[in-house]
Amino acid sequence: MKALDLKDVFHQKLDAIYGKNEVESFFFLSLEHYLNIPRFQLALDPEFTLTKDETNLFFKILEALKQQQPIQYILGETEFFGLKFIVNEHVLIPRQETEELVDWIIRDNSKNNEITLNILDIGTGSGCIAIALAKNLPNSNVYALDISSEALKVARDNAKINEVEIQFIQADVLSNSNDNHKLENSMFDIIVSNPPYVRISEKGEMKPNVLENEPYLALFVDDDDPLKFYKAITKFANQKLKNGGQLYFEINQYLGEETKQLLIDANYDKIELLEDLNSNLRMLKGLKK
Ligand SMILES: C[S@@+](CC[C@H](N)C(=O)[O-])C[C@H]1O[C@@H](n2cnc3c(N)ncnc32)[C@H](O)[C@@H]1O
C-alpha cells in the first residue's frame with residue numbers, strides 16, 4: 001500500500017480520537033521507527049509503497065492506537081532530554097515537565113566542575129532523570145532507586161544504551177526497615193524525586209490512555225495522605241543529604257504550597273517553587289542547612 005494512502009487511513013480512523021496533528025505525528029514516528037523513513041522522504045517520493053508485511057504492521061499500530069495505547073509503548077521507546085529511552089508498561093512515560101526539572105538541576109550544577117557530585121534519584125522508573133543527569137553532569141556518581149524490579153530492569157537497559165554508569169537499588173522509600181543498606185555509606189549532594197503524586201480523586205482529570213496503560217504504582221497516591229512520599233523523602237534526606245545539599249521535587253500542581261511547607265518545617269534554606277511551561281506549579285527545591 002502507498003504510504004500516503006495509509007496516512008489517509010490513519011486520519012480517517014483516528015482524527016476523531018486524537019486530532020489531526022497528533023495522528024500525523026504518530027504516523028511519521030512509526031514510519032521512522034520501523035522503516036527508518038524520515039518524514040521528508042515521503043514528500044520527495046510520494047509513490048513510496050510499503051510491502052504487505054509492512055502494511056499489516058501499520059494496521060496493527062492503527063488498532064493499538066484506536067484502543068488508546070500510548071504511541072511510546074507501541075514503539076517501545078521515547079525521547080527524553082535528547083536521549084533515547086526504552087519504555088514499556090512497567091514504567092511511566094517520561095514527561096516534558098520532568099525535562100524541565102532536569103534542566104533546572106543541570107543549570108544549578110553545571111558550573112560545579114571541580115567536585116564530584118553524589119546524586120540520588122528516588123522513584124527512577126525508566127531512569128530518565130538519573131540518566132539525563134549522569135549524561136549532562138559528567139562529574140557525578142549517580143544512584144537510582146525504585147521499588148519495582150520491572151522498572152529497574154528497564155532503567156538498567158536505558159543506562160546501557162545511553163552509556164552511563166548508574167548504581168541501581170531496589171528499595172521501598174516508604175519503608176522504615178533499612179532496606180537501603182546499599183546507601184548506608186553514601187551522603188548526597190543532590191537528591192531528586194518525581195514520586196507518585198496524583199490523588200485517586202484526581203483520576204477523572206486523566207486521559208484514558210494514561211489511566212488505562214501507565215503503571216498505577218507510578219502515578220497514584222491515597223487521598224488521605226497525598227504527601228506521604230514527600231514526607232518520607234524529606235525524612236530520608238535529613239540523614240542522607242549533605243549540609244548545603246539540594247533537594248529537588250516534581251510536585252502535584254494543586255499541592256504546591258503544602259509541599260513547600262514540608263521543606264519550611266524541615267528548616268530548608270532558599271526554597272523555590274517553580275511553574276512548568278504550562279504555568280502549573282510543578283517543581284520545588286530547597287537547600288539543607
Ligand atoms: C511518577 S513515577 C517517576 C518515574 C521517573 N522518575 C520519571 O520521572 O519519569 C514514580 C516512580 O516511583 C516508584 N515508586 C512507587 N512507590 C515507591 C516506593 N514506595 N519506593 C520507591 N519507589 C516507588 C514507581 O515505581 C515509579 O517508577
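Would you please give the FRET efficiency between GLU77 and GLU163, computed as 1/(1 + (r/R0)^6) with r the Cβ-Cβ distance and R0 = 22 Å, to the nearest 0.05?
Given R0 = 22 Å and the Cβ-Cβ separation, E is 0.85.
At each listed q (0.15, 0.21, 0.22 Å⁻¹), what is the log10 of I(q)/I(0) that the Debye formula gives for region 3-67 modelled as equal alpha-carbon point scatterers?
-0.41, -0.83, -0.91
From the phi of every residue in region 182-192, what ³J(HN,Hα) in whole Hz does the Karplus formula 6.51 cos²θ - 1.76 cosθ + 1.60 yield, where θ is phi - 60° and glycine or proline is x?
5, 9, 3, 9, 10, 10, 10, 7, 9, 10, 10
Select from ILE37, ILE74, ILE233 the residue whose mean-square fluctuation is largest in a Gaussian network model of the chain (Cα-Cα springs shorter than 10 Å).
So, out of ILE37, ILE74, ILE233, the one fluctuating most is ILE37.
What distance in nm lies between label points placed 7 Å from Cα along the C-beta direction at LYS182 and ARG156?
Calculated label separation equals 0.9 nm.
When only Cα pairs under 8 Å and 6 or more residues apart are kept, what is the percent relative contact order across the chain?
Once divided by the residue count of the chain, the mean separation gives 14 percent.
Quick one: dipole size for the chain, taken about the Cα centre, charges +1 on Lys/Arg Cβ and -1 on Asp/Glu Cβ, in debye to the nearest 20.
520 debye
Please find the FRET efficiency linking LYS235 to ARG107, where r is the Cβ-Cβ separation and R0 is fixed at 22 Å, and quote it to the nearest 0.05.
Calculated value: 0.20.
Under the 0.36 nm per residue contour assumption, what length would be gained going from the current alpha-carbon distance of THR116 and LEU217 to full extension?
Full extension from THR116 to LEU217 adds 33.1 nm.
Could you work out which residue, out of ILE251, ILE190, ILE115, moves most in a Gaussian network model of the chain, that is, has the largest mean-square fluctuation with Cα springs under 10 Å?
Between ILE251, ILE190, ILE115, it is ILE115 that shows the largest mean-square fluctuation.
Along each principal axis of its Cα atoms, how long is region 39-97 end to end? Whole angstroms, biggest number first, please.
39, 26, 16
Based on the mean of other Cβ atoms within 10 Å per residue, sort peptides 213-219, 99-105 so the most packed one is first.
By packing density, highest mean first, the sequence is 99-105, 213-219.
Sequence-distant or interchain residues sharing an amide H contact under 5 Å with PHE80, placed H: which?
The answer is PHE85.
For region 12-26, in order, what is each residue's ³J(HN,Hα) by Karplus, 6.51 cos²θ - 1.76 cosθ + 1.60 with θ = phi - 60°, in whole Hz (x at glycine and Pro)?
4, 8, 10, 4, 5, 8, 10, x, 4, 5, 5, 5, 4, 6, 4
Between ASN162, ASN185, ASN252, find the one with the highest GNM mean-square fluctuation for the chain; connect C-alpha pairs within less than 10 Å.
Of the options given, ASN185 has the highest mean-square fluctuation.
Take the alpha carbon atoms of region 113-145, find their center, do the same for region 156-216, and report the distance between the two centers in whole angstrom.
The distance from the Cα centre of region 113-145 to that of region 156-216 comes to 13 Å.
When N is the residue count of the chain, what does its C-alpha Rg come to as a fraction of 2.2 N^0.38 Å?
1.11
If I stretch the segment between TYR254 and PHE48 completely, what's the gain in nm (0.36 nm per residue apart, minus their alpha carbon distance), one decimal?
Extra length available between TYR254 and PHE48 comes to 69.3 nm.
So what is the relative contact order for region 3-67, in percent, with contacts set as C-alpha pairs under 8 Å and at least six apart?
44 percent
Quick check on the chain: helices-only [θ] at 222 nm, where DSSP H runs of length 4 and up contribute -39,500 (n - 2.57) each and the sum goes over total residues. Nearest 500, please.
-13000 deg cm²/dmol
Kindly state, to the nearest 0.05, the FRET efficiency for LEU4 paired with SER149, given R0 = 45 Å and r defined as their beta-carbon distance.
Computed FRET efficiency for LEU4 and SER149 comes out at 0.50.
Just need the relative contact order of region 50-191 here, percent rounded to a whole number, with Cα pairs under 8 Å and 6+ apart.
Reported relative contact order: 21 percent.
Under 5 Å between amide H atoms, partner at least 5 residues away or on a different chain: which partners does SER126 have, H built in plane at 1.01 Å?
LEU92
In region 162-289, what is the volume of the convex hull around the alpha carbon atoms, normalised per residue and reported in Å³?
Dividing the Cα hull volume of region 162-289 by its residues yields 146 Å³.
Could you tally the net charge around GLU212, taking each other residue with its Cβ under 12 Å from the Cβ of GLU212, Lys/Arg +1 and Asp/Glu -1?
With Lys, Arg at +1 and Asp, Glu at -1, the neighbours total 0.
Please work out the C-alpha center-to-center distance from region 39-82 to region 228-289 and express it in whole Å.
That distance is 40 Å.
Once phi is turned into ³J(HN,Hα) by the Karplus curve 6.51 cos²θ - 1.76 cosθ + 1.60 with θ = phi - 60°, what whole-Hz value does each residue of region 265-279 show in order, with x for glycine and proline?
Once rounded to whole Hz, the list reads 4, 7, 6, 6, 10, 6, 6, 10, 10, 10, 8, 8, 5, 8, 6.
A short reminder: the numbers here are calculations on the coordinates, not readings from a lab. The model shown is predicted, which means the values in this text are computed figures rather than measured ones. All Cβ positions, even for glycine, are placed from backbone atoms using ideal geometry, and neighbour counts span all protein chains on display.
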